[in-house]
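**Q** One structure coming up, written as structure tokens, with questions to follow.
Derivation of every value follows stated rules applied to the coordinates shown; laboratory data play no part. Predicted model, so just to flag it, every value in this text is computed and none were measured. Please note: Cβ atoms are built from the backbone with ideal geometry, for glycine as well, and neighbour counts cover all protein chains shown.
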Amino acid sequence: MLMTVAQSADVEHNLKWNIAIGGEPVGERTLKVRYLPDEDGTRRVLESLTHIEASVAGMSYRFDQRLTGHAGTTQASFSSVLNENNEPREVQGRPTPIGWTVSLTERGRTRGWELESGAIDLSTADLIDPGSRHHLSALEQVHLLSAETGEVIEGTVEKLGSKPIQVKGVTIHTEGIAIVGDRGRSEFWYSADGVLVRYQLNAMGQALVATLVDLPPAGVDDTPVHIGGAGITETDL
């Protein structure tokens, strides 16, 4: 079992998503997950890099982000450094026993604030964490802290059921969850082991779709979140 391996030595998984708008490639996202021994099982260190460069209807858009997160039994704390259309920004979030501490640096100014327990259910860092014990599937309404802007996004959670997604000629059976709010609709499709296989966001008035490049690793944590019966089926190309 991976739990035994993780307790005796560090385990590392690397994931990569190709990002497209209207079927045209516009960027990629990578995620390195390191599993470290911890008294509660395993602790995870998340290191994600995202690059998007697109032009839609004569409008140019560029987005670069470095996201670092640390997670165990609680939601992930994170530090997010990004540049969006030549506007640099840094967002930090940390769960505490009584709530969250959040800070935002942009336009040469830094401000921080505290949020009470219950004001945030998850952050966008939790959405990419394969070993998270906190998942959208357990919620009907969500208060989602954005690691990209520092804002709290409110929305209704919809369970979308199962969907087969092809990755390198292999069918991955996934379960989908959507967040629907004032900012539109986002969809997230996870494997049985909690790996994010595909997600869809709104960007420049278009659907931005990110799809996993390689097959997801199995057994990514000692207690992965299962959100539905799923598996992998091999099919011919």
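**Q** If all Cα-Cα distances of the stretch 19-140 are sorted into 5 Å bins from 0 onward, what percent lands in each bin, rounded to whole numbers?
**A** Histogram of Cα-Cα distances, whole percents per bin: 2, 10, 17, 18, 19, 16, 10, 5, 2, 0, 0.
**Q** Which of Lys163, Lys168 comes first, and how do the rest follow, when ranked by fewest Cβ neighbours within 10 Å?
**A** Result, fewest neighbours first: Lys168, Lys163.
**Q** Test of understanding: ordering Glu39, Glu84 by Cβ neighbours within 10 Å, fewest first, what list do you get?
**A** Listing Glu39, Glu84 from fewest to most nearby Cβ atoms yields Glu39, Glu84.
**Q** What percent do you get for the relative contact order of the chain when only Cα pairs under 8 Å and 6+ apart count?
**A** 16
**Q** To the nearest 20 Debye, how big is the dipole of the chain about its Cα centre, given +1 on the beta carbon of each Lys and Arg and -1 on that of each Asp and Glu?
**A** That gives the chain a dipole magnitude of about 360 debye.
**Q** At q = 0.10, 0.11 Å⁻¹, what base-10 log of I(q)/I(0) does the Debye formula yield for the chain when every alpha carbon is treated as an equal point scatterer in vacuo?
**A** Here the Debye-derived log intensity ratios amount to -0.46, -0.57.
**Q** Along the charge dipole of the chain, which of Ser137, Pro25, Ser80 sits closest to the positive end, that is, farthest toward it, with unit charges on the beta carbon of Lys, Arg, Asp and Glu (+1, +1, -1, -1)?
**A** Pro25
**Q** Please turn the phi angles of the stretch 127-134 into ³J(HN,Hα) values with the Karplus equation 6.51 cos²θ - 1.76 cosθ + 1.60 (θ = phi - 60°), one per residue in order, whole Hz, x for glycine and proline.
**A** 5, 9, 7, x, x, 5, 9, 10
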